[in-house]
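Supplied in structure tokens, the structure appears directly below.
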């Protein structure tokens, strides 16, 4: 976590490489980083592992960002990084594989601007089928 905080302005690929290097010979971790640049209206997302990222920009269709498979543990990998621009609004949901939303991302469209409602929807109306669940939701306007 310290590396992400200290190097937050570095290119996303560099952040993932630094974290990966720091985790050499460790059990490994999954990592998702969402960086929002309010000055230039840009959002950058990087993801490796079993955390799904759903993103809605300016009230358009919800996008599912495909993560890089695996985890960080010092092994070689290529980070998959996504770059987007936005005009006024960004809604996002990050969740672990403990949430099985069964293609219901369209049902989230109406609540993306209310993060608490997104979490409520995913935790109550969707099948939670694994032993651990993590849900993070945010909205920028």
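For region 102-111, does any single residue satisfy the condition of being over 22 Å from residue 132 (Cβ atoms), crowded, with 16+ Cβ neighbours inside 10 Å, modelled with pLDDT under 85 and more than 15 Å from the chain's Cα centre (by Cα)?
Let us first name the residues in region 102-111 that are over 22 Å from residue 132 (Cβ atoms), namely 106-107, 109-111.
Those left that are additionally crowded, with 16+ Cβ neighbours inside 10 Å: 111.
Right, trim to modelled with pLDDT under 85 and you get 111.
Now drop any that are not more than 15 Å from the chain's Cα centre (by Cα), which leaves 111.
So far as region 102-111 goes, yes, one or more of its residues are over 22 Å from residue 132 (Cβ atoms), crowded, with 16+ Cβ neighbours inside 10 Å, modelled with pLDDT under 85 and more than 15 Å from the chain's Cα centre (by Cα).
Checking residue 9 against (1) within 26 Å of residue 97 (Cβ to Cβ); (2) exposed (fewer than 13 other Cβ atoms within 10 Å of the Cβ); (3) within 18 Å of the chain's Cα centre (by Cα), which single condition isn't satisfied?
(1)
Further question: Count, please, the residues in region 5-20 that happen to be touching a strand residue (DSSP E or B) at 6+ places or on another chain (Cβ under 9 Å) and either under 18 Å from residue 77 (Cα atoms) or touching a residue at least 60 places away in the same chain (Cβ under 8 Å) (or both). Steps first, answer last, please.
Step one: of region 5-20, the residues touching a strand residue (DSSP E or B) at 6+ places or on another chain (Cβ under 9 Å) are 8-9, 11-13, 15-16, 19-20.
From what's left, either under 18 Å from residue 77 (Cα atoms) or touching a residue at least 60 places away in the same chain (Cβ under 8 Å) (or both): 11-13, 15-16, 19-20.
Final tally of qualifying residues: 7.
Further, regarding this structure: Can you name every residue in region 40-53 that is over 15 Å from residue 86 (Cα atoms), surrounded by fewer than 20 Cβ atoms within 10 Å (Cβ to Cβ) and touching a strand residue (DSSP E or B) at 6+ places or on another chain (Cβ under 7 Å)? Quick ask: steps written out before the conclusion?
Within region 40-53, the subset over 15 Å from residue 86 (Cα atoms) is 46-53.
Then drop every residue that is not surrounded by fewer than 20 Cβ atoms within 10 Å (Cβ to Cβ), which leaves 49-52.
Correct list: 49, 51, 52.
For region 64-80, which positions are within 25 Å of residue 132 (Cβ to Cβ) and surrounded by fewer than 18 Cβ atoms within 10 Å (Cβ to Cβ)?
Taking region 64-80 and keeping what is within 25 Å of residue 132 (Cβ to Cβ), we get 64-75, 77, 79-80.
Hits for region 64-80 are 64, 66, 69, 70, 73, 74, 75, 77, 80.
If you take the residues in region 21-37 that are outside any loop (DSSP other than H, G, I, E, B) and touching a residue at least 24 places away in the same chain (Cβ under 8 Å), which one is farthest from residue 135 (Cα to Cα)?
Taking region 21-37 first, the residues outside any loop (DSSP other than H, G, I, E, B) are 21-22, 29, 31-37.
Pick out the ones that are also touching a residue at least 24 places away in the same chain (Cβ under 8 Å) and you get 21, 29, 31-36.
On the way: 21: 27, 29: 17, 31: 14, 32: 12, 33: 14, 34: 14, 35: 17, 36: 19 Å.
So, considering only residues that are outside any loop (DSSP other than H, G, I, E, B) and touching a residue at least 24 places away in the same chain (Cβ under 8 Å), the one farthest from residue 135 (Cα to Cα) is 21.
The values are calculated or read from the model by the stated rules, or taken from the named source; none is laboratory data. Treat the numbers as computed from the prediction; the structure is a model and nothing was measured. All Cβ positions, even for glycine, are placed from backbone atoms using ideal geometry, and neighbour counts span all protein chains on display.
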